[in-house]
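See below for the structure under consideration.
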Amino acid sequence: MATATKPAAKSTTKATASKSTATKTTAAKATAAKTATTSKTTSSRGIVKAKATAAEGLQELFVDSLKDIYWAEKALVKALPKMAKNATTQGLIDGINNHTTETEEQIARLEQVFALIGKKAVAKKCEAMDGLLKEGQDIMESTEPGPVRDAGIIAASQKIEHYEIATYGTLCAFAKTLGYNEAADILHITLEEEKQADITLTEAAYNTINFDAAEADENEVA
Ligand SMILES: [Fe+2]
Ligand SMILES: [Fe+2]
């Protein structure tokens, strides 16, 4: 640390300068010890610890992110059938059902990636996906079945797909940087699938929702 080795230029005697340097060295050691303690405390809260090398840190972050998306996909595969059940537009129902099958395959792909890097497939709660699924649930509970609920389901799906696209894009980059080329290729397949699901569940499904029919129904009731 610069402070520890900085000479005491303003001291008037050698003895004072020596004392000053010693004091500063002691202070620097205390600061270093404090930093080490802080680092240990932080890591015990579940935050990724600082590693001796950047590569080791990235490796840990990569594995942690894999556990996170593994949990997210498993939660999603349970939630998607419920979303399909709540949807009315056939194109949306088909899109969700198709993506449920894809999601099952994506879970299997993640297990392949864990095996490739020599790690056990472990799921770690993904707070982001948990929140996105809760939001989707709220939309379904606060709307009547029909075009508006369908639009709400699409909105929730779009947020989920964009989260997954961002996650898999990052995982691909991490895998390549760490030299896990086969894992990167597998993750890339899922990334492309998520991009396609976003298009199918949003643009295609949204365009088939019949808002006019809903308006006509409302007029008839009125
Ligand atoms: Fe997925
Ligand atoms: Fe997805």
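We did not get these values from a lab; they are worked out from the coordinates using the rules stated. None of the values given here were measured: they were computed from a predicted structure. As a convention, Cβ positions derive from the backbone with ideal geometry for all residues, glycine included, and neighbour counts pool all protein chains shown.
Just to confirm a number: summing +1 for Lys and Arg and -1 for Asp and Glu over residues other than G152 whose beta-carbon lies under 12 angstrom from that of G152, what do you get? That sum, taken over residues with Cβ under 12 Å, equals -3. Please report the spacing between the Cα centers of the stretch 56-93 and the stretch 114-150 in Å, no decimals. The stretch 56-93 and the stretch 114-150 have Cα centres spaced 6 Å from each other.
Net charge in the neighbourhood of E141 (other residues with Cβ under 12 Å of its Cβ; Lys, Arg +1, Asp, Glu -1) is 0. Separation of the alpha carbons by more than 26 angstrom is noted, of K74/K134; K67/K134; K82/K120; K78/K159, for K82/K120.
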